[in-house]
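Below is one structure, written out as structure tokens; the observations come after it.
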Amino acid sequence: MILQIRSKQKSWAPPVLFVLTTVLAVVSMLSTGVTGTSIKIDFLPLGDVRTDPIINPDCLSDHVHTFYGANKLRPETTYEDLRNADGNSGNVAENLSLYWHPAVYEIDPDTTGIHRKVTIDMASTYYIWNTGQATAFPDGFKMVAGFGGVPEARAQAECVAPFPCERDNCESEDTSFFPATGCGELEASMAFPTCWDGVNIDSEDHMSHVAYDLNGGSFDGECPDTHPVKLPEIQFFFRILEYRGGTHRFADGTSFYHADYFSGWNQDELQAVLDTCENDSEAASPDAWCEDHVTFRDAPKEADLEFEDLVIKLQQIQPNPPFDTSTITTEAIDNVVNLPRGTCTGTLIPEGGPSSPATSPPTAVPSPPTPSPSPSPSSCEDSVFRFKIIRNGKTMFKPCTWVARRSTEARCEIAGVATMCPKTCNTCSTCEDSSSRMRINFKGRNIRRDCQWTANNAGVRCEIEDMPLACRDTCGLC
């Protein structure tokens, strides 16, 4: 079941990443005769930092953003910088564009007010157009959209597999975008304008040179006379797994999903795609790629690929080493009481310059130390990994602290829990590998693997911190 949390325009189909399009959306498309072409381009986050190369090209920006695309996050980034980028978090080689939105934070609504940055598990952009009828973005084209909740942006969040919030405080004064309930997946989406004045690649407010169509937000809607040139529509999605519910906000303190786009395409290359690719996908389609027209770095493309496997493929093509945001600013942006805010405040480290602390950084709240497993074969400790369970027909990743919090006996009966949490479940006498997939950090990347993967190279993989507690037999704790 899909719980619709917010929909500003009822005729628009809910976001689709890995769930089926709703019947309402299908009926709507068939009744209007909409046809079109689309490309789905996937990304992992590049990093989170307080920059905005469009609005604040000379200093730190007002709030923290999450970036995707070409690995150029500095304020002074130019089109030439994007074209010369030596890394890209997206899976299309020709697309060296940069996309960003305010970072998402989970907030404790009590007296502590701690802000914890939420991990974005993946993002996607869908380019949608009528073949032969759209104009490519000019080299260096820029635009921002979604400020103030403009309805044409069709910003919405969709809660997939909802479950009761289990945080200590689940209160939320604003659920207009972020739901108070927990979600197995939270899928957020918005759409950029599709009409251009045909002259300016940017404007003073970064919005006036573009406009939404006269239909109120449609990839093939008629453009106003002031902005007669039709652009491909970009729908921008991001996805959060295991969304915990309760108070969440964007880094700018609002619940409005706005986003920025800085084109890094070669205009002629993109125009060739817009003129020649045709796949009758009709909308943002998860299995439409134009793979004969662009180069997918994670090829071959596969329909119905499991989300975890898609993320693994994307992890293999990420910039190496990962982008180091401390080369821009060293201010604390996670697990803090007060987020850094204010245009052109703080210290911007010069490109190539030495690292130095930002001006008046927020005080970080120290995290409790992670327990280390005992090397003794008789050790009986719970794994610290989050692991995959299926509960009431819903797939989610949970830690052993969740098992211990309440309804412990019932939760220990869920498949895979007792082997991951032997101390909590009182199953220390049974020493065996867990059958669950786990979220682990391996060579700087967050991946999902099981004990069979560990066993394939036990000598190396059992050295991963905390792995022996999950794969007790393979790693010799039995």
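The values are calculated or read from the model by the stated rules, or taken from the named source; none is laboratory data. What you see is a predicted model, and the numbers here were worked out from it, not measured in a lab. Note: ideal-geometry Cβ built from the backbone for every residue, glycine included; neighbour counts use all protein chains shown. For accessibility, only protein heavy atoms count, side chains too; no ligands or nucleic acids. Shrake-Rupley method; radii C 1.70, N 1.55, O 1.52, S 1.80 Å.
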Practice task
For the range 325-332, just list the computed ³J(HN,Hα) in residue order, Karplus coefficients 6.51, -1.76 and 1.60, θ = phi - 60°, integers in Hz, with x standing in for Gly and Pro.
Solution key: 5, 6, 7, 9, 7, 10, 5, 6
Handout entry: Alpha carbon centroid spacing (whole Å) that separates the range 214-259 from the range 436-478
Key = 39
Practice task
Convert 25 °C to kelvin, take the viscosity as 0.890 mPa s, use the Kirkwood radius over C-alpha pairs of the range 403-478 as Rh, and evaluate the Stokes-Einstein diffusion coefficient in µm²/s, rounded to a whole number.
Solution key: 191
Completion exercise
So the compactness index of the range 95-231, its C-alpha Rg divided by 2.2 N^0.38 Å, takes the value 1.29
Fill in the blank from the handout: With the 8 Å Cα cutoff and a minimum separation of six or more residues, the chain has a relative contact order in percent of 18
Fill in the blank from the handout: Amide H neighbours of Asn279 at under 5 Å, excluding residues fewer than 5 places away on the same chain, with H built from the backbone geometry, are Ser38
Fill in the blank from the handout: Heavy-atom accessible area of His258, protein chains in place, probe 1.4 angstrom, given in Å² to nearest 10, is 10
Exercise for the section: Using only protein heavy atoms and a 1.4 Å probe, report how much of Ser203 is accessible, in Å² to the nearest 10. Expected result: 30
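Count the net charge of all other residues whose Cβ sits under 9 Å from the Cβ of Leu60, scoring Lys and Arg as +1 and Asp and Glu as -1.
For residues surrounding Leu60, the net value is -2.
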Handout entry: Karplus-derived 3J(HN,Hα), 6.51/-1.76/1.60, for each residue of the range 343-350, Hz, glycine and proline x
Key = 4, 6, 9, x, 9, 8, 6, x
Practice task
Starting at the first residue of the range 233-243, write each ³J(HN,Hα) from the Karplus equation 6.51 cos²θ - 1.76 cosθ + 1.60 with θ = phi - 60°, in whole Hz, x for Gly and Pro.
Solution key: 7, 10, 9, 10, 10, 9, 10, 10, 8, 6, 5
Problem - Debye equation applied to the C-alpha atoms of the range 139-207, log10 I(q)/I(0) at 0.14, 0.22, 0.23, 0.27 Å⁻¹ - result: -0.61, -0.97, -1.02, -1.22
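Using the heavy atoms of the protein chains and a 1.4 angstrom probe, tell me the accessible area per residue for the chain in square angstrom.
Per-residue value: 42 Å².
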Fill in the blank from the handout: If amide H atoms are modeled at 1.01 Å from N in the peptide plane, then the residues at a separation of 5 or more from Ile120, or on another chain, having amide H under 5 Å from its own are none
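Which order do peptides 92-98, 305-311 fall in by mean Cβ count within 10 Å, highest first?
In decreasing order of mean packing, 92-98, 305-311 become 92-98, 305-311.
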Completion exercise
Computed about the Cα centre, the charge dipole of the range 31-84 from +1 Lys/Arg and -1 Asp/Glu charges at the Cβ has a magnitude in debye, to the nearest 20, of 220
Practice task
Could you pull out the GluC sites (Glu not before Pro) across the range 146-186 that fall in loop regions by DSSP (anything but H, G, I, E, B) with no more than 13 other Cβ atoms inside 10 Å?
Solution key: Glu171, Glu173
Completion exercise
Under the 7 Å Cα-to-Cβ spin-label approximation, Asn169 and Cys59 lie apart by a distance in nanometres of 3.3
Practice task
Taking amide H positions as placed in the peptide plane 1.01 Å from N, state which residues far from Gly90 in sequence (5 or more) or on other chains have amide H under 5 Å from it.
Solution key: Gly69
Problem - Local electrostatic count at Ala136 - Lys and Arg +1, Asp and Glu -1, tallied over other residues with Cβ under 12 Å - result: -4
Practice task
Can you find, among Phe219, Ala283, Ile107, the residue farthest towards the positive end of the dipole of the chain? Put +1 on the C-beta of Lys and Arg, -1 on that of Asp and Glu.
Solution key: Ile107
Exercise for the section: Note down the net charge around Met438, summing +1 for each Lys or Arg and -1 for each Asp or Glu among other residues with Cβ under 10 Å from its Cβ. Expected result: +4
Exercise for the section: Using a 10 Å Cβ count of at most 12 others and DSSP loop calls, identify the longest part of the chain lacking such trypsin sites (Lys or Arg not before Pro). Expected result: 11-405
Practice task
Holding the Cα-Cα limit at 32 Å, pick out from Lys117/Lys423; Lys142/Lys313; Lys40/Lys117; Lys117/Lys394; Lys301/Lys423 the pairs that are longer than that.
Solution key: Lys301/Lys423
